[in-house]
Amino acid sequence: MTRVLLVGGGLTSAVTGALLRRELPNAELVLWDKARGAGGRMSTSRSPHDSSCLADLGAQYISATPEYAELHASYYGDLVRDGVLTPLTSKVVGMRGNEATKHYVTPSGISSIVKYFMKEANVTTKYEHHVRSVDASEGGRWRVITQSGTEDTFDAVILTMPVPQILGLSGTVKEIIDSDEKLHSNLQSVDYSSRYALGLFYDSGAQVQLPEGAAAQYVTDDPVVRFVALDHRKRGADSAAPAVVMHTSVPFGKAHVEETPDQVKPLLLSSVSEMFPDWPEPKAVKCQKWRFSQVTSAFPGLPGSVSLGRGLVIGGDGFTHSNMDGCIESAEAVAAAVVQYVCSRWKSDYKLRLCISI
Ligand code: FAD
């Protein structure tokens, strides 16, 4: 049986897994992530006091331009039909962009999108598996080792973490990248903004409001705060215990990127209480650093994925752009590369649409 390892528990990996499950129904799909749960930059945090009090500390909305709504109609159709996405109906002050763009929210938190595709992929997930090295092994396979020493071998390996984290891996993967000057410089040119996010979790009934009855607002005149959302209201869960999400500005994130969340948290809390002096004390607070937040400079040519040979494929939003459509584009490119490799390697008679078209 073909064994495929997906490294990364974010949206690119989850959609790749779902596509591979359709194209390689008998393959064993395994997913490792260094984090403690699914989502990556589409993660959802819960109050330690109330598991129904949710805050999305990374991605906030799914925004479909008319072009992507058409191109990815089947993905949007499935997610809306199954209640994972619902149209954004609450007021967001200062949201920019094309008026024809449709915005969606996730009633169960943004990580529910990633979990939806993981379920479709029927993938075996292992969290707290921080991959350290990927090495060529006997029989054309790959030996993958985690920081804690867990190791296993796979026929194909997919890496979907932010590009600087791919460049931090050791073993044959590093040798392949270092031996190709153009590839190495293209990978090094991929850049991301950095931000901090603050999640404030309140008791049920706490009075936390934004001006104009808004569920969220973009802030343009503050050096620290860029975005504030009443996460429960944004998701249409007005009766849930309130949760607030605050994102910092990119300049603030850049200036403090080498600090720890614990060091930055007091600065963020004081900015929020200056801006909203009437808000009560939160019951719990979570501060998250997004060192690699959104892609500011993608891999040249936006290929979606790059094949490093022998079924080792890299992808993620660094090869497209930072949103759901970018992840889907990358996942489609990654899955096509893996299917092509598996088909050519085993000379099997899978009757696959992708295989036939290649
Ligand atoms: P990731 O989600 O980063 O997944 C990569 C995974 O790899 C992570 O789970 C990580 O833990 C894991 N990993 C890394 N290194 C290793 C290793 N060595 N071993 C094992 N696992 C590893 N998008 C939108 O559509 N709408 C928005 O409103 C929006 N707002 C955003 C706001 C913020 C603050 C941020 C940070 C992002 C936002 N985005 C938004 C962008 C969106 O979240 C990303 O484009 C998308 O989540 C990227 O998914 P991915 O799977 O490519 O990467």
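Numerical summary
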| read-out | value |
| --- | --- |
| Residue in segment 300-307 that is modelled with pLDDT under 95, away from the ligand (no atom under 16 Å from the Cβ), out of contact with any Lys or Arg (no Cβ under 9 Å at 6 or more places or on another chain) and not in a helix (DSSP H, G or I) present | no |
| Of residues in segment 117-162 being charged (D, E, K, R) and within 20 Å of M1 (Cβ to Cβ), the one surrounded by the fewest Cβ atoms within 10 Å (Cβ to Cβ) | E138 |
| Residue tally, condition open to solvent by 30 Å² or more (accessible area, probe 1.4 Å) and either under 14 Å from F117 (Cβ atoms) or touching a residue at least 24 places away in the same chain (Cβ under 8 Å) (or both), over segment 78-89 | 7 |
| Total residues in segment 229-265, condition basic (K, R) and either open to solvent by 30 Å² or more (accessible area, probe 1.4 Å) or touching a Cys at 6+ places or on another chain (Cβ under 7 Å) (or both) | 3 |
| Matching residues in segment 161-200 - criterion: being away from the ligand (no atom under 16 Å from the Cβ) and free of Cβ contacts under 8 Å to residues at least 40 places away in the same chain | E175, D178, S179, D180, E181, K182, H184, S185, Q188 |
| Every pair of residues 6+ apart whose Cβ atoms lie under 9 Å, when the first sits in segment 26-43 and is near the ligand (Cβ under 8 Å from one of its atoms) and among the basic types (K, R) while the second is open to solvent by 20 Å² or more (accessible area, probe 1.4 Å) and part of a strand (DSSP E or B) | R41/W290 |
| Selection count where residues are of a type in the set (A, V, I, L, M), part of a helix (DSSP H, G or I) and surrounded by fewer than 24 Cβ atoms within 10 Å (Cβ to Cβ), scope segment 19-46 | 1 |
| Qualifying residue in segment 223-235 (condition: touching a Leu at 6+ places or on another chain (Cβ under 6 Å) and outside any strand (DSSP E or B)) | no |
| Filtered residues of segment 107-116 (kept if of a type in the set (S, T, Y) and either within 15 Å of the ligand (Cβ to nearest atom) or buried (at least 24 other Cβ atoms within 10 Å of the Cβ) (or both)) | S111, S112, Y116 |
| Among the candidates G199, G168, residue that is open to solvent by 20 Å² or more (accessible area, probe 1.4 Å) and not aliphatic (A, V, I, L, M) | G168 |
| Given (1) outside any loop (DSSP other than H, G, I, E, B); (2) open to solvent by 50 Å² or more (accessible area, probe 1.4 Å); (3) within 15 Å of the ligand (Cβ to nearest atom), index of the condition S74 fails | (3) |
| Cross-chain or 6+ apart pairs with Cβ under 6 Å, segment 253-272 first and at pLDDT 95 or above, then of a type in the set (S, T, N, Q) and assigned to a loop (DSSP other than H, G, I, E, B) | G253/S194; K254/S194; V257/S194 |
| Subset of segment 308-327 [within 10 Å of the ligand (Cβ to nearest atom) and buried (at least 19 other Cβ atoms within 10 Å of the Cβ)] | G315, G316, D317, G318, F319, T320, S322, N323, M324, D325, G326, C327 |
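The values are calculated or read from the model by the stated rules, or taken from the named source; none is laboratory data. None of the values given here were measured: they were computed from a predicted structure. Neighbour counts are summed over all protein chains in view; Cβ atoms, including those assigned to glycine, are modelled from backbone coordinates with ideal geometry. With ligands, DNA and RNA removed, areas are computed over all heavy atoms of the protein, side chains included. Shrake-Rupley method; radii C 1.70, N 1.55, O 1.52, S 1.80 Å.
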